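The values are calculated or read from the model by the stated rules, or taken from the named source; none is laboratory data. Not measured: the values here are computed from a predicted model. Here the Cβ is made from the backbone with ideal geometry for all residues, glycine too, and neighbour counts use every protein chain on show. All accessible areas refer to the heavy atoms of the entire protein, side chains included, with ligands and DNA or RNA removed. Shrake-Rupley method; radii C 1.70, N 1.55, O 1.52, S 1.80 Å.
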Amino acid sequence: MTPLVFTAVIAAALLHALWNALLKTQSDKYAGALGVSVGGVPLAVACLLAAGLPAAESWPYVASSALIHTFYFVCLLNAYRAADFTQVYPIARGAAPVITAIAGTLLVGEVLTPLQTASVMVIACGVMSLVFAGRGSRRLTRAGLLWALATSAIIATYSVNDGIGARLAGNSFAFYGASATLNAVLLTAYIGWRHPPAIRNSFTTGRRALLIGGPVSFIAYALVTWAFSQAPIAMVSALREISIVFAILIGTFILRERMDWRRIASSFVTLMGVLLLRAAK
């Protein structure tokens, strides 16, 4: 992984933690999720105008990406309705790198070196240990746990799908521009059916998610899809999990959720995995 790719993924991780924290603070989670999705459409269209349409062979992956990301938003917003930000985020992100590494080997043929494999495992252990390390302002509910685990599985699924699609597209920004636009359509249709008031609320109570969360989310994942086309999918997926450190800091100092020495230790383990990943060739 080159220094440029490494830096891009770290930046994406920070942006990802920021828009997730913004979504968590929305009173209407459906409106917030819709705002994040629709708010990225202007940038998606700009990418399509600049890069053109993705190659034809990538379109099945564009369609599946849009559908998978729709499920991702549904699971994520339900998780945030059921549990604290600093409870959901570690679970949702923790298992994904390991699942992605296995899927990448089986489906893409990307076999990691022993050091790369070790770094992925250290990051995953550091992130998952936060499940047991912290106690938020309320106990982790069964619903929160199940939704967070479902989100984790979906993260691994879209990582492999989008990694393959971005490479086939010829231009990763064209790929994600098309995927994000279609995702906004699908999510609007779902939320319009499931929670109609959220359509209106996304322009009122969900305005921050629309105007800030949308562009931030789009830039974050546009960087990730580009990184997928430049480095092994599993390494990019694992490095993204440095976002958990940013999330803990945001949850503690901005959302005022509890921090203790166990969370600090877990974050330290995650950082050690990142350093190990940076050293891996």
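Observations
- Here the condition is being assigned to a helix (DSSP H, G or I) and under 15 Å from the mean Cα position of the chain (by Cα); of Ala180, Ala189, it holds for Ala180 alone.
- Count of residues meeting criterion [at pLDDT 80 or above, open to solvent by less than 40 Å² (accessible area, probe 1.4 Å) and closer than 20 Å to Ile244 by Cβ] in the stretch 121-161: 9
- Selected residue [under 21 Å from Glu241 (Cα atoms) and without any contact (Cβ under 8 Å) to a residue 12 or more places away in the chain] from Pro3, Pro97: Pro3
- In summary, helices (runs of 4 or more DSSP H) completely within the stretch 36-109 and bearing 3 or more residues that are surrounded by fewer than 24 Cβ atoms within 10 Å (Cβ to Cβ) occur at 41-51, 59-82, 96-103.
- Sole exception among (1) part of a helix (DSSP H, G or I); (2) over 21 Å from Gly163 (Cβ atoms) for Gln26, by number: (1)
- Residue satisfying condition, being aliphatic (A, V, I, L, M), farther than 23 Å from Ser243 by Cα and free of Cβ contacts under 8 Å to residues at least 12 places away in the same chain, within set Ala31, Ala56, Ala63: Ala56
- For the stretch 192-228, filtered to residues that are within 17 Å of the chain's Cα centre (by Cα) and not hydrophobic (A, V, I, L, M, F, W, C), the residue that is nearest to Thr113 (Cα to Cα) is Thr225.
- Residues within the stretch 10-27 that are surrounded by 20 or more Cβ atoms within 10 Å (Cβ to Cβ) and either over 18 Å from the mean Cα position of the chain (by Cα) or polar (S, T, N, Q) (or both), tallied: 2
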